[in-house]
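Accompanying notes for the structure given below.
The values are calculated or read from the model by the stated rules, or taken from the named source; none is laboratory data. Just so it is clear, the model here is predicted, and its values are computed rather than measured. Ideal geometry is used to build each Cβ from the backbone, glycine not excepted, and the neighbour counts take in all protein chains shown. Just the protein is used for accessible areas: all its heavy atoms, side chains included, with ligands, DNA and RNA removed. Shrake-Rupley method; radii C 1.70, N 1.55, O 1.52, S 1.80 Å.
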Amino acid sequence: MKKKVTINDIASISKVSRTTISRYLNGKYENMSDKTRQRIEQVITELDYRPSRQARFLKSQNSSLIGIAVGDISNFYTSLLIKGILNRLKTTQYHSLIMDSDLSRSLEKKNIAKLIDEQVDGMIIQPIGATSEEYKQIKEAFPVVQIDRFVEPLIWPAVASDNFEKSKELTELIIEKGYQRIIVVSPPVIHSTPRIARYEGLIEAITNTDVEIKEIIAPEAKNLDVNDNYWEAITEMLNDDIKTAIYTFNGPLLYGCLKFLNEKKLRIPQDIGLVGYDDESFGEVMGPGITAIEQNLVEIGFQAMDRLLEAIENKTSKLEITTIESKLIKRNSL
């Protein structure tokens, strides 16, 4: 029977202390030279060492598990956030437990309870609820960082896009191009901090102008059907000579709107302008090229994970919202 490799074996062959090996396994590379780190990594690889998570938990009371609770894992937008989170985890000894709430608050509660039972060391959450009070079950359970959206009043740090600033910038571009009406197409704005910020940025930009705002409320992305009749409301708003642009609040709606306009043989931008938040970065290849906001979702995920690891290490965190800059990509749809 093959002898089980221990930390003592790794330390002896690597010519470092057991404490240094322990720090390496816990991702604590501060004050550790690159040469030492690479030597330990090589020895671990050669000996095919696998630390026991259960043993480490019993000794350190750390599970080496990170919980990730997202709103809708089927959304490509969410997959990019997760990609960023896992990119940061690659350099640590932590494992992830990813839970999909499927846009259900009741399922989200169950997922959180499971993560508590698993004794995760920390959690990243894309919250579905409206207020901090709804999350009191985890307020003191472990460090938490919110991603993409956040509940108020703020009780944990959050990392999100610069939704207000970029929405304002995009709206100012629409106005600069001479549009007098903006049709906003969005799922319900209430309780979604990204949508609220985008709407507030738009309103800030049209203040002291004569630009008219119309709104079309669409379903959440998971329930979206590009053939739904809410798109017909657009044609009802185009029975005059007012120069009009459509502003969609997410990528699936941008795609659905483009499909609808093509079916109605409405030309972009000759008959109507079109812009939006292009979560999938398809704006470049859609239609004439769609002017859109491209969010740095992978970086949002990476920074959220980085802040969580810092909170776990330091047993505390700064109660602040970190915004990650997006890009306004100007194409030919206005």
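Things to note:
- Residue 82 part of a helix (DSSP H, G or I), surrounded by 14 or more Cβ atoms within 10 Å (Cβ to Cβ) and modelled with pLDDT of 90 or more: yes
- Here is the figure for region 126-140: residues that are touching a strand residue (DSSP E or B) at 6+ places or on another chain (Cβ under 8 Å) and either in contact (Cβ under 8 Å) with a residue 60 or more places away in the chain or closer than 16 Å to residue 72 by Cα (or both) total 2.
- Filtering region 113-131 to residues that are closer than 20 Å to residue 315 by Cβ and crowded, with 20+ Cβ neighbours inside 10 Å leaves 115, 120, 121, 122, 123, 124, 125.
- In a residue-by-residue description of region 5-15, the property of being assigned to a loop (DSSP other than H, G, I, E, B), at pLDDT 80 or above and out of contact with any Asp or Glu (no Cβ under 8 Å at 6 or more places or on another chain) applies to at least one position.
- Summed over region 230-259, residues that are in contact with a helix residue (DSSP H, G or I) (Cβ under 7 Å, 6 or more places away or on another chain) and either of a type in the set (Asp, Glu) or open to solvent by 10 Å² or more (accessible area, probe 1.4 Å) (or both) total 2.
- Here region 289-334 is the region considered, the condition is being in a loop (DSSP other than H, G, I, E, B) and more than 30 Å from residue 273 (Cα to Cα), and the residue that is nearest to the chain's Cα centre (by Cα) is 320.
- Some residue of region 283-296 being farther than 20 Å from residue 170 by Cβ and of a type outside the set (D, E, K, R): no
- In region 90-106, of all residues being surrounded by fewer than 20 Cβ atoms within 10 Å (Cβ to Cβ) and touching a residue at least 40 places away in the same chain (Cβ under 8 Å), the one that is farthest from residue 253 (Cα to Cα) corresponds to 93.
- Within region 38-79, if we keep just the residues that are part of a loop (DSSP other than H, G, I, E, B), in contact with a Ser or Thr (Cβ under 9 Å, 6 or more places away or on another chain) and modelled with pLDDT of 80 or more, the residue that is most open to solvent (accessible area, probe 1.4 Å) turns out to be 73.
- Within region 16-29, considering residues that are under 14 Å from residue 313 (Cα atoms) and open to solvent by 30 Å² or more (accessible area, probe 1.4 Å), the one modelled with the lowest pLDDT: 26
- Those residues of region 139-163 which are buried (at least 20 other Cβ atoms within 10 Å of the Cβ) and either among the basic types (Lys, Arg) or part of a helix (DSSP H, G or I) (or both), in sequence order: 149, 163
- For residue 110, the requirement of being on the phi < 0 side of the Ramachandran plot, at pLDDT 85 or above, open to solvent by 50 Å² or more (accessible area, probe 1.4 Å) and more than 19 Å from the chain's Cα centre (by Cα) is met.
- For region 219-266, residues that are hydroxyl-bearing (Ser, Thr, Tyr) and at pLDDT below 85 total 2.
- Members of region 200-223 that are open to solvent by 60 Å² or more (accessible area, probe 1.4 Å) and assigned to a helix (DSSP H, G or I): 200, 203, 204, 222, 223
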